[in-house]
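Visitor: First the structure, which I've put down as C-alpha cells, then a few questions once you've had a look.
Nothing in this text is a laboratory measurement; each read-out follows from the coordinates by a stated rule. Just so we're clear, the structure is a prediction, and the values are computed from it rather than from any experiment.
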Amino acid sequence: MGCNAILQEEKIREIYKKNGLQAILFSTSCLFFTQDVQYLMLVLKRKYMSNPFGNAMKQLDKAASIMNLDNNIHEVLKQPDRVLTVSIPVKMDSGEVKVFTGYRSQFNNTLGPYKGGIRYHWNVTIDEVKALSFWMAIKCATVNIPLGGGKGGIIVNPKEMSEGEVERLSRGYIQKIWRNIGSDKDVPAPDVYTTPQIMAWMRDEYEKLVGHPDPGVITGKPIEDGGSEGRGYSTAQGGVYCVRELAKKMDMNPSETTVAIQGFGNAGSFMAKILSSLGYKIVAVSDSRGAIFSEAGLDIAAVEAFKTETKSVTDFPGVKNLRNEELLELDVDVLVPAALENVITDTNAHNIKAKAVVELANGPTTPEADEILKEKGVILVPDVLANAGGVTVSYFEWDQNVKGEHWTEADVLEKLEKIMVDAFNDVWETKETYGIDMRTAAFVRAVERIAGKME
Ligand code: NAD
C-alpha cells in the first residue's frame, strides 16, 4: 500500500518545523495516526490558523482587492519597516542575572511617528507584535490622526517579579531601543501588564540617555508626569461613542438595549460603567474566572465593588454564574469582547445571537468568523475603530507634551467625541458605498489615507 506507516510524534514535529503545517495536512491524506498525534496536529492547526499576523494580512488582502490597491503599495504594507529584537539582562533580587527577550516593531510611519504600546506577557511572540503594530497603523489612519503604527513586547511574567525587578527590566528595554524612539520617531505607550509608572520609568531612562527632556517620547504617563486627563477610560469612552452612533443607525433605544461584556478589566469595566450610566442594560460581564448574568440588568457599581473585594465578578449574589463561552452566545443586542484575541472563531460564530459586536479587545474575531457573522447579518464594529479612543487620547497627550500644554478633561472629551463620531460615520458610509463589512470598510479608508501619502 505504501501509505500505511504510522508516524511518531517526533516525526510530525520534524515535518512541521521543516515544512510547516501544509506538509502535515498533506501527509494526513495517506497516513494513519495515533490519537495523540491527531491531537497534536489539531493543536498545530489551531496555532497556525490563529496566527495574528496571518489574520492581519488576510484583512489587508481583502481591503486591497476591494479598493484595487496598487500592487507596489500592497507589497510595502505586507511587512514592518523594522523589527528590533533585543536581549535585556536584568539583575534579579536574588543577585542572579536573567536575560529577557524584547521586541519593537515599527510597521509604517507614512502618516507620522510610529505609535503603539509595550506589552509584558509570557505569550508575546514576534508575529503578535508585528500584527499589533500593523493594526496600530490601520487604527491611527482609520480615525485620521497623524501617527503611524508600532508595537513592543517583552516575554515575561511581571506578576512574578518585584517592583524593583520590573523597573530594571523597563529601563533595560529602553537602553536597548532608545536610538530608535523619540517624540518625532516612535512613541510607545502602555499595553497588557504595563502601567503609567512603567511609562514614567521609561521616559526617565530615555531622557537620561539622550540628555534632554522629551516628555512626548512616551504616552500613558501619570498626569503629574505629563499624562493627559481622560487617558484612563479613553478606550472605553471611544467605544461608547461607537455604541451611541450604532444605536442611532440601528434604531436602538438605550433603555431597551441589552449588552454583554467579556472582560472586566480597564477597557471592559469602564465600558460597563459608562454605558450603564447612559441607561443601557448590562446583562452580563465576565473575567478570567467566569461570567455572571442577570436578565434584569446588573448593578455595575456593586459588581465592581464585589470584584475589588473578591478579585472576581463570579458568585456575585443574586445573579446566575455562566461559563465564559456562554456569555459570547447570549441573546443580547450588543456583545462587547473586551478581553482576549481570537475568542470569536469559526467554532462559535454560528452561535452568536447578538445583533451587533463592538470589539474593544484587539483581534477578538478571526477572519473566518468575520465571514460567518456577515452572512448572519451581525454588524461588527471593528477593533481598529471601536478601541481607537485609547490611541486618540495618547495622541492628545503627545500633542500637549510637544506644545507644552495641559488640556482640561472637558477639552479632551470634546475632541475625542468629534474624532470618534467622524470616523464612525466615515466607516459606515464606506461600508454602505461598497456593500462591505465595517472592518473591511475601516481598512479601505485607512489604506486609502496611507497610500495617498505614499504615492
Ligand atoms: P486588562 O488586563 O485590564 O483586562 C482584561 C480583562 O479580561 C480582565 O478582567 C481579565 O480577567 C479578563 N479575562 C482574561 N481572560 C478572560 C477570559 N478567558 N474570559 C473573560 N475574561 C477574561 O486589559 P485591558 O487593558 O482592559 O485590555 C483588554 C483588551 O482591550 C486587550 O485586547 C487590549 O489589547 C485591548 N485594548 C485596551 C486598551 C486600553 O487602553 N486598555 C486600548 C486598546 C485596546
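Visitor: Would you list which lysines come within 16 Å of residue 208, measuring only between C-alpha atoms, while excluding same-chain residues fewer than 8 positions from it?
Guide: 176
Visitor: Quick query: amide H of residue 183 versus all other amide H atoms, modeled in the peptide plane; which residues come in under 5 Å with a sequence gap of 5 or more or a different chain?
Guide: Here 217 satisfy the definition.
Visitor: Separate question: If you wrap the range 359-422's Cα atoms in a convex hull and average its projection over all directions, what's the area in nm²?
Guide: Directional mean of the projected Cα hull area for the range 359-422 stands at 5.3 nm².
Visitor: Can you give me the orientation-averaged projected area of the convex hull built on the Cα atoms of the range 203-315, in nm²?
Guide: With every direction weighted equally, the projected area is 9.4 nm².
Visitor: Considering only DSSP beta bridges whose two residues both sit in the chain, what percent are antiparallel, to the nearest 5?
Guide: For the chain, the DSSP antiparallel bridge percentage is about 50.
Visitor: For the range 342-417 and the range 428-446, what is the separation of their C-alpha centers, rounded to whole Å?
Guide: Between the Cα centre of the range 342-417 and that of the range 428-446, the gap is 15 Å.
Visitor: Sticking with this structure for a sec: Using only Cα atoms, what is the ratio of the radius of gyration of the range 380-455 to 2.2 N^0.38 Å?
Guide: 1.26
Visitor: Lysines within cross-link reach of residue 159: Cα-Cα under 18 Å, excluding same-chain residues under 8 positions apart?
Guide: 91, 98, 311
Visitor: Once phi is turned into θ = phi - 60°, what whole-Hz ³J(HN,Hα) does the Karplus curve with 6.51, -1.76 and 1.60 give for every residue of the range 342-358, x standing for Gly and Pro?
Guide: Along the range 342-358, the couplings run 6, 9, 10, 10, 5, 6, 10, 4, 4, 8, 5, 10, 4, 7, 9, 10, 10 Hz.
Visitor: What is the Cα centroid distance between the range 219-267 and the range 280-298, reported in whole angstrom?
Guide: 17 Å
Visitor: So what's the back-of-envelope 222 nm ellipticity for the chain, counting only DSSP H runs of four-plus at -39500 (n - 2.57) apiece and dividing by all residues, rounded to 500?
Guide: -15000 deg cm²/dmol
Visitor: Can you quote the Å³ per residue value for the convex hull of the Cα atoms in the range 233-388, rounded to an integer?
Guide: Hull volume over Cα atoms, normalised by residue count, gives 93 Å³.
Visitor: Any idea what Rg and Dmax come out to for the chain if you just take the C-alpha atoms, in Å?
Guide: 22.6, 77
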